[in-house]
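Worksheet for the structure shown next.
Nothing in this text is a laboratory measurement; each read-out follows from the coordinates by a stated rule. Bear in mind that the values here come from a model prediction, so they are computed numbers and not experimental data. Cβ: placed from backbone, ideal geometry, glycine included. Neighbour counts: every protein chain shown.
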Amino acid sequence: MGTPKVFESEYKFCSILWENEPVGSMELVKLCKERLGWSKSNTYMVIRRLAERGIIKNENAVVSALVTKQQVQVAEIEELMETRFDGDVPAFLAAFTKQKSLSDKQIEEIMKIIDSVKE
């Protein structure tokens, strides 16, 4: 089984968690109120829902992630690649680069990634 789907509002929550983990649930409630405008009950509902799906754990009122930010990002890109580009990486890159200017540094970083895959 792959990384469970993390929806947009859940991702915002997870971003706060990844920055602060492990974190007490009350502190997490405070952070979600400050950054997302969430109520205590909404935060606890998201904690419960993500814990049930195996994305986070909440033990003794301490919350931590069971999946990394990179795992979630990779799963999201893989889904996008399959649903929108039929797994065609060159088509994805072509679509991305037609709409966004890349700096020389970004191009260099992409080339390094491609070179590392070729080795």
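Lys/Arg Cβ at +1, Asp/Glu Cβ at -1, dipole of the chain taken about the Cα centre: which of VAL23, ALA94, GLY37 is farthest positive-ward?
Value: GLY37.
Sequence neighbours fewer than 8 away in the same chain don't count; with that in mind, list the lysines whose C-alpha is under 26 Å from LYS40.
Output for LYS40: LYS5, LYS12, LYS30, LYS57, LYS69.
Using alpha carbons only, how many degrees (0 to 90, rounded to 10) separate the axis of helix 40-52 from the longest principal axis of the chain?
Long axis of 40-52 versus the principal axis of the chain: about 60 degrees.
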